[in-house]
1. Condition first: at pLDDT 90 or above and either part of a loop (DSSP other than H, G, I, E, B) or closer than 16 Å to residue 73 by Cβ (or both). Can you find one or more residues in segment 6-19 that meet it?
2. Of the residues in segment 20-35, how many are of a type in the set (A, V, I, L, M, F, W, C), part of a helix (DSSP H, G or I) and either touching a residue at least 40 places away in the same chain (Cβ under 8 Å) or surrounded by fewer than 13 Cβ atoms within 10 Å (Cβ to Cβ) (or both)?
3. I want to confirm something. Restricting to segment 36-71 and keeping residues that are surrounded by 15 or more Cβ atoms within 10 Å (Cβ to Cβ) and assigned to a loop (DSSP other than H, G, I, E, B), which single residue is modelled with the lowest pLDDT?
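The values are calculated or read from the model by the stated rules, or taken from the named source; none is laboratory data. These numbers were taken from a predicted model, which means no experiment stands behind them. Please note: Cβ atoms are built from the backbone with ideal geometry, for glycine as well, and neighbour counts cover all protein chains shown.
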Amino acid sequence: MEGNLEVLHKIWEWAEEELTNEEIKNRLLLGKDSEGKTAWHWVTKEKISELLHIIWKCAEKRLTTEEINNKLLLGTDSEG
């Protein structure tokens, strides 16, 4: 797990340097996979608190309160 966290940190660092705010918002924070799940869905399902913290800090910086509430926290996937 520790190696995976290091990789995620590197991806976020790269994203901060190379992607626009809109790309981070739409691809990393609110983007969905083929099942309609966001990164938030996957991390909460797996109960990985450090990853939740990373995503939350990025969301606070890049999303509006409405986007955090309606799309990140209350967003649904294909299972509802």
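1. yes
2. Step one: filter segment 20-35 for residues of a type in the set (A, V, I, L, M, F, W, C), giving 24, 28-30.
If we keep only those that are part of a helix (DSSP H, G or I) too, we end up with 24, 28-29.
Filter once more, so that each one left must be either touching a residue at least 40 places away in the same chain (Cβ under 8 Å) or surrounded by fewer than 13 Cβ atoms within 10 Å (Cβ to Cβ) (or both): 29.
Result for segment 20-35: 1.
3. By that ranking, first place goes to 48.
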